[in-house]
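Take a look at the structure below.
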Ligand SMILES: [Zn+2]
C-alpha cells in the first residue's frame, strides 16, 4: 500500500479539515472523530501542520480533499511518497 506525506512549506500553522464527504468517501470508511460535545457528534479529522513540518503517513484519500488540492495548486503544500507493506 502506498502512502504519502504532506509538508507544509508555508510560514504558518495550517489546519486541514478532512471532511467526511470527501475524505471518508475516498477512503471507503469513516475516519471522523467524536467531538467532545453533548450529545457527542462526529466531526472531521483535523490535520494540523506547523510551519515547515511534515505529516505522518496519510492515505491517498487525503488528495480528494478540496483544501488539500487547493494548497497543492498554490504550491505551499508538497507531497512526499513512501511505500509501506512488503519488506520493511
Ligand atoms: Zn466520516
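Among 37, 7, 11, which is the only one that is surrounded by 13 or more Cβ atoms within 10 Å (Cβ to Cβ) and away from the ligand (no atom under 15 Å from the Cβ)? Break it down stepwise before answering.
Working: 37 fails: surrounded by 13 or more Cβ atoms within 10 Å (Cβ to Cβ); 11 fails: surrounded by 13 or more Cβ atoms within 10 Å (Cβ to Cβ).
So the residue among 37, 7, 11 that is surrounded by 13 or more Cβ atoms within 10 Å (Cβ to Cβ) and away from the ligand (no atom under 15 Å from the Cβ) is 7.
Among the residues of region 45-59, write down those that are within 16 Å of the ligand (Cβ to nearest atom) and either closer than 15 Å to residue 20 by Cα or part of a loop (DSSP other than H, G, I, E, B) (or both). Show your work before the answer.
We begin by selecting, within region 45-59, every residue within 16 Å of the ligand (Cβ to nearest atom); these are 45-47, 58-59.
Correct list: 45, 46, 47, 59.
Among the numbered conditions (1) more than 16 Å from the ligand (Cβ to nearest atom); (2) surrounded by fewer than 15 Cβ atoms within 10 Å (Cβ to Cβ); (3) over 19 Å from residue 82 (Cα atoms), tell me where residue 42 comes up short.
Failing condition for residue 42: (1).
This table checks each residue for (1) on the phi < 0 side of the Ramachandran plot; (2) out of contact with any helix residue (DSSP H, G or I) (no Cβ under 8 Å at 6 or more places or on another chain); (3) at pLDDT below 95.
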| position | (1), (2), (3) |
| --- | --- |
| 7 | yes, yes, no |
| 40 | yes, yes, yes |
| 64 | yes, no, no |
| 68 | yes, no, no |
| 71 | yes, yes, no |
| 76 | yes, yes, no |
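The values are calculated or read from the model by the stated rules, or taken from the named source; none is laboratory data. None of the values given here were measured: they were computed from a predicted structure. Neighbour counts are summed over all protein chains in view; Cβ atoms, including those assigned to glycine, are modelled from backbone coordinates with ideal geometry.
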